[in-house]
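Asks: Handing you a structure now.
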Amino acid sequence: MPTLELSELLDNATDDQAEAIRAAVYAAGVLWKCRNVDCCAEDLPRETRRCDFCGYDRKGRPLGEPMSLTYGPVPDDLLTALREALVEWFTDHDRPQPDAVTFHYTNENDGAHDWSDWGELHFGGRTEPNCDFSYSTVAEALIELTDFEAPSFCEEITIALPR
């Protein structure tokens with residue numbers, strides 16, 4: 001059987017045929033369409049965990065909300081404060097804003113519970129470890145979280161950022 005590229009099939013198909021081809025490849029799981037109602041991304045490869053454009057997963061949820069959030073539940077005002085601090089940090093440091101940031105609980109220091117100030121950045125399907133948020137409003141927002149409820153050893157929190 002000859003091998004054809006999907007793009008070649010779609011380029012040579014009528015609108016109805018292209019719709020049928022896409023339906024077949026979505027049903028087969030070869031490609032998927034972002035389910036975020038505000039995003040129009042299509043034809044995302046099967047191995048992609050999150051939409052490259054908005055960071056939502058295959059089920060239409062932002063990374064970290066609510067399924068990936070192992071620490072919690074957390075009041076919305078504390079999550080909003082952390083999210084706003086992160087957006088402000090990336091703006092102030094003129095750095096590209098990721099889809100999400102994950103922080104890991106590290107230890108307990110003389111009764112003070114610590115989140116690592118070093119975050120793991122999520123950009124579509126890739127991650128960048130070790131972004132330092134020490135001595136910033138992000139670090140202060142993380143302290144507010146632990147003041148609300150102490151995390152357990154090895155817990156993490158992933159915060160999806162707006163696009």
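Asks: Tell me, yes or no, whether the range 3-14 has at least one residue that is modelled with pLDDT under 75, farther than 30 Å from Leu145 by Cα, assigned to a loop (DSSP other than H, G, I, E, B) and of a type outside the set (Val, Ile, Thr).
Replies: Let us first name the residues in the range 3-14 that are modelled with pLDDT under 75, namely 3-4.
Filter once more, so that each one left must be farther than 30 Å from Leu145 by Cα: 3-4.
Now drop any that are not assigned to a loop (DSSP other than H, G, I, E, B), which leaves 3-4.
Remaining after also requiring of a type outside the set (Val, Ile, Thr): 4.
So far as the range 3-14 goes, yes, one or more of its residues are modelled with pLDDT under 75, farther than 30 Å from Leu145 by Cα, assigned to a loop (DSSP other than H, G, I, E, B) and of a type outside the set (Val, Ile, Thr).
Asks: I would also like to ask the following. Checking the condition surrounded by fewer than 15 Cβ atoms within 10 Å (Cβ to Cβ) and either basic (Lys, Arg) or closer than 21 Å to Pro162 by Cβ (or both), which residue from Arg46, Arg22, Arg50 passes?
Replies: Criteria check complete, one pass: Arg46.
Asks: Still on this structure: Tell me, which strands (runs of 3 or more DSSP E) lie completely within the range 37-144 with 3 or more residues that are over 30 Å from Leu6 (Cα atoms) and modelled with pLDDT under 70? Spell out the reasoning first.
Replies: Numbers: elements: 100-109, 112-115, 118-123, 126-132.
It comes to 100-109, 112-115.
The values are calculated or read from the model by the stated rules, or taken from the named source; none is laboratory data. A quick note: this is a predicted structure, and the numbers were derived from the prediction, not measured. Here Cβ is always computed from backbone atoms with ideal geometry, including for glycine, and neighbour counts include all displayed protein chains.
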